[in-house]
Amino acid sequence: MNAAATPAPRHLIVSGGASGIGLAVARMAVARGARVALLDRDTAALADAVRRLGEAALALECDVSDAPAVRTAVDRAAQWLGGVDALVNSAGIDALKSLEATSDEEWARVLAVNLTGPMLVCRAALPHLRAAGGGSIVNIASGAGLRPLPNRTAYCASKAAVIMFGKSLAIETAADGIRVNAVCPGAIDTPLFRTSYENADDPERALAEIRERYALGRIAAPEEVAEAVLYLSGPGASYITGTALAVDGGRTFH
Ligand code: NAD
């Protein structure tokens, strides 16, 4: 494939697109002329996101761990978009607990949303990406999938697994011109991130301790991740597949 001839993505599906990193990706893609279908389980946040994004966005209520619902939502998205050339899997949940405090249900839920969810959305989207002549998948993993964190066994395991899921899928889909990459964010100022320190006994101190893990010494804005996601989704990354890009202020080497 000729890189110069590879068009920027115009028809994106973004799971978890109603908040945080997914919403920032959607906002940036729309600002650059794309149409975006948002898959999310949060009805109110979806409605708010689409109201702000305007006619270039479609809201699809969907739990990414529900296979039939995912299939229906992805097919509806493809129809509304007029094809799919990029998928971003951003839906995810955190779980801040020691292993012994984690119930079987909590463990299963983290894996269902953070690992099975991206798999289901990818599987439903692949025929549409192939019909478009190829495209890009970006799974939002985490720095926690590259380096462990305390009291997050389920989360870290789910994020490491989704990185390897994407690498394996990248081999399967390469011949169809479908690139699959992961972005591994560090500490990004979103509702999910805020729960990791707001409930601490001393939230200010907890936040300061988090900052210290990062070479750049700060929490990032969701747009700083969205830039990397759209880069990997676009023509500039035409020779990049199977990678896990840390967008983490230097935590993985620090
Ligand atoms: P967020 O909570 O702001 O957004 C996540 C979105 O996913 C929400 O709109 C939520 O409703 C949706 N969602 C959750 N479970 C879902 C499900 N089962 N089905 C459909 N939608 C669902 O969080 P965020 O920080 O933007 O997180 C986005 C992704 O980035 C997640 O996968 C998260 O693990 C990852 N991540 C975030 C950070 C960070 O610091 N914020 C760091 C590393 C990785």
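Laid out as a table, the results:
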quantity	calculated
Members of the stretch 61-79 that are outside any helix (DSSP H, G or I) and open to solvent by 20 Å² or more (accessible area, probe 1.4 Å)	E61, D63, S65, D66
Number of positions in the stretch 28-50 that are touching a strand residue (DSSP E or B) at 6+ places or on another chain (Cβ under 9 Å) and farther than 16 Å from V84 by Cα	8
Conditions (1) under 20 Å from A187 (Cβ atoms); (2) touching an Asp or Glu at 6+ places or on another chain (Cβ under 8 Å); (3) basic (K, R): number failed by R130	(1)
Residue within the stretch 20-27 that is modelled with pLDDT of 95 or more, in a strand (DSSP E or B) and either in contact with a Leu (Cβ under 8 Å, 6 or more places away or on another chain) or closer than 15 Å to I137 by Cα (or both) present	no
Condition check for A154: out of contact with any strand residue (DSSP E or B) (no Cβ under 6 Å at 6 or more places or on another chain), at pLDDT 95 or above, buried (at least 19 other Cβ atoms within 10 Å of the Cβ) and among the small types (G, A, S)	yes
Pairs with Cβ under 6 Å, 6+ apart, first in the stretch 165-177 and among the small types (G, A, S), second surrounded by fewer than 19 Cβ atoms within 10 Å (Cβ to Cβ)	A170/G242; G177/M1; G177/G134
Segments classed as helices (runs of 4 or more DSSP H), wholly inside the stretch 166-254, with at least 2 members that are in contact with a strand residue (DSSP E or B) (Cβ under 8 Å, 6 or more places away or on another chain) and more than 15 Å from G20 (Cβ to Cβ)	222-233
Of residues in the stretch 80-120 being more than 26 Å from G135 (Cβ to Cβ) and within 13 Å of the ligand (Cβ to nearest atom), the one least open to solvent (accessible area, probe 1.4 Å)	V110
Cβ pairs under 6 Å, 6+ apart, first in the stretch 26-52 and small (G, A, S), second assigned to a helix (DSSP H, G or I) and crowded, with 23+ Cβ neighbours inside 10 Å	A37/A77; A49/L23
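The values are calculated or read from the model by the stated rules, or taken from the named source; none is laboratory data. Bear in mind that the values here come from a model prediction, so they are computed numbers and not experimental data. Counting neighbours? That spans all protein chains shown, and the Cβs are built from the backbone with ideal geometry, glycine included. Each accessible area value is taken on the protein alone, full model and side chains, heavy atoms only, with ligands, DNA and RNA left out. Shrake-Rupley method; radii C 1.70, N 1.55, O 1.52, S 1.80 Å.
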